[in-house]
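Trainee: Here it is, the structure in full.
The values are calculated or read from the model by the stated rules, or taken from the named source; none is laboratory data. Being a predicted model, the structure only gives us computed values, none of them experimental. Every residue, glycine as well, gets a Cβ built from its backbone with ideal geometry; the counts of neighbours run over all protein chains shown. Remember, those area values only see protein heavy atoms, side chains included, never the ligands or the DNA or RNA. Shrake-Rupley method; radii C 1.70, N 1.55, O 1.52, S 1.80 Å.
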Amino acid sequence: MTQEEIKRLVGQAAADYINTEVPEDSIIGIGTGSTVNYFIDALTQSRARYRGAISSSAVTTRRLISHKFRVFELGDIESLPVYIDGADEINPHGAMIKGGGGALTREKIVAAEADRFVCIADASKLVQVLGKFPLPVEVIPMARVALARRITKFTIGTPVLRLMHNGKPFVTDNGNEILDIHGLTIDNPIVLERSLNQWPGIVTIGLFALLGANLCLLGTEQGVHRINYIKHVYSS
Ligand code: 5RP
C-alpha cells in the first residue's frame, strides 16, 4: 500500500470509530491535513448523524462546507466529545509534534476543549523520540527575529522562517509567522513545551505533550491499530 492508501484507510477507521463511540447529534472537532481530509470524506456518508463540526483551520472549514457539514464557532458550543486530527510525529506516550500544515494554534485551542483527542496517522509518524520533524512555533511577526536569536542563543535548535513557494513568509490563519526549529531531540516534551510557552512573542508551540492524544488510530500495511495512552503519564 502507498502512504496515501494507508491515510485513506485511517480516515475511514476514524469515521467508523466515531460513528460507534460518539453519541448521535454531537458536534465534533476536526483538525487539518491530508489524513483529516480522508476522514472528512469518509464521514460524509454519516453526516446526518452529527449536528456539525468545529474546524481548526480555514482550509478545513472550506472542505467541511463543500461536503455540506454545518460548521459552528467554538463559542457556540457547550461540549465537544472528540477531536480528530493528524500529527507530524507521535511518541509512545501520545505526545505529538503538529503544525506541519501551519494550523497548530487553532488545533490546540479546539483540542483543549475536547473530551478526547484521537490522533490519526500512518505508521511513518510513530517515533521513539520527537524532534526529527522540525518543531513549528507560531510567533507574533514583531517578535520573530528576536525569538529566532533567542532560540539559537539557548541552543534549543536551529530556527528557520517558514516560507511559501513565492519566497514570502507563510502567514497563519491568525496573521502570524512560523519558525520551524530543526535539529531537536526532545527527550522531555512536557518540559520543553512548558518552558517555550513562557517566552513573550510565542503564540503556540507545535508540541502537544501537555495535551497529548488519548488514542491513536495508526495505519500500517497490516491494518489500523488502536493505541490507547494513559493520560497521567503527561499530566502535571
Ligand atoms: C497541520 C497538522 C497536521 O495534522 C499534520 O501536519 C499531519 O498532516 P498530514 O495528515 O497531512 O500528514 O498538524 O497543522
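Trainee: Can you pull out the residues in segment 196-213 that are assigned to a loop (DSSP other than H, G, I, E, B) and open to solvent by less than 50 Å² (accessible area, probe 1.4 Å)?
Mentor: Trp199, Gly201, Gly206, Ala209, Leu211, Gly212, Ala213
Trainee: Residues of segment 1-17 being within 16 Å of the ligand (Cβ to nearest atom) and of a type outside the set (Val, Ile, Thr), which ones? Write out each step before concluding.
Mentor: First, pick out the residues of segment 1-17 that are within 16 Å of the ligand (Cβ to nearest atom): 1-15.
Across segment 1-17, the qualifying residues are Met1, Gln3, Glu4, Glu5, Lys7, Arg8, Leu9, Gly11, Gln12, Ala13, Ala14, Ala15.
Trainee: Looking only at helices (runs of 4 or more DSSP H) that lie completely in segment 48-154, which have at least 3 residues being within 15 Å of the ligand (Cβ to nearest atom) and not assigned by TED's automatic domain parsing to the domain that holds Ile186?
Mentor: Per the criteria, 58-66, 104-113.
Trainee: Is there a residue in segment 41-51 that is modelled with pLDDT of 95 or more and more than 25 Å from Arg226 (Cβ to Cβ)?
Mentor: Yes, because at least one residue in segment 41-51 is modelled with pLDDT of 95 or more and more than 25 Å from Arg226 (Cβ to Cβ).
Trainee: For segment 223-236, which residues satisfy the criterion of being at pLDDT 95 or above and either open to solvent by 30 Å² or more (accessible area, probe 1.4 Å) or β-branched (Val, Ile, Thr) (or both)? Before the answer, list the steps.
Mentor: We begin by selecting, within segment 223-236, every residue at pLDDT 95 or above; these are 223-229.
Answer for segment 223-236, where residues must be at pLDDT 95 or above and either open to solvent by 30 Å² or more (accessible area, probe 1.4 Å) or β-branched (Val, Ile, Thr) (or both): Val224, His225, Arg226, Ile227, Asn228.
Trainee: Filter segment 155-195 down to residues that are small (Gly, Ala, Ser) and either in contact with a strand residue (DSSP E or B) (Cβ under 9 Å, 6 or more places away or on another chain) or in a helix (DSSP H, G or I) (or both), then give me how many there are.
Mentor: 3
Trainee: In segment 107-123, how many are touching a helix residue (DSSP H, G or I) at 6+ places or on another chain (Cβ under 9 Å) and either of a type outside the set (Asp, Glu) or open to solvent by 10 Å² or more (accessible area, probe 1.4 Å) (or both)?
Mentor: Qualifying residue count for the region: 10.
Trainee: Another question, then. For segment 67-85, give me each residue that is exposed (fewer than 15 other Cβ atoms within 10 Å of the Cβ) and out of contact with any helix residue (DSSP H, G or I) (no Cβ under 9 Å at 6 or more places or on another chain).
Mentor: Listed by number, the residues that qualify are Glu73, Gly75, Asp76, Glu78.
Trainee: Given the condition at pLDDT 95 or above, open to solvent by less than 60 Å² (accessible area, probe 1.4 Å) and on the phi > 0 side of the Ramachandran plot, answer yes or no: does some residue in segment 141-156 qualify?
Mentor: So far as segment 141-156 goes, no, none of its residues is at pLDDT 95 or above, open to solvent by less than 60 Å² (accessible area, probe 1.4 Å) and on the phi > 0 side of the Ramachandran plot.
Trainee: In segment 18-34, what residues are out of contact with any helix residue (DSSP H, G or I) (no Cβ under 6 Å at 6 or more places or on another chain), within 16 Å of the ligand (Cβ to nearest atom) and assigned to a loop (DSSP other than H, G, I, E, B)?
Mentor: Of everything in segment 18-34, just one residue is out of contact with any helix residue (DSSP H, G or I) (no Cβ under 6 Å at 6 or more places or on another chain), within 16 Å of the ligand (Cβ to nearest atom) and assigned to a loop (DSSP other than H, G, I, E, B), namely Gly33.
Trainee: Cβ-Cβ under 6 Å, sequence separation 6+ or interchain: first residue in segment 20-40 and charged (D, E, K, R), partner more than 8 Å from the ligand (Cβ to nearest atom) and in a helix (DSSP H, G or I). Which pairs?
Mentor: Here the result reads Glu24/Arg49, each pair linking segment 20-40 to a residue that is more than 8 Å from the ligand (Cβ to nearest atom) and in a helix (DSSP H, G or I).
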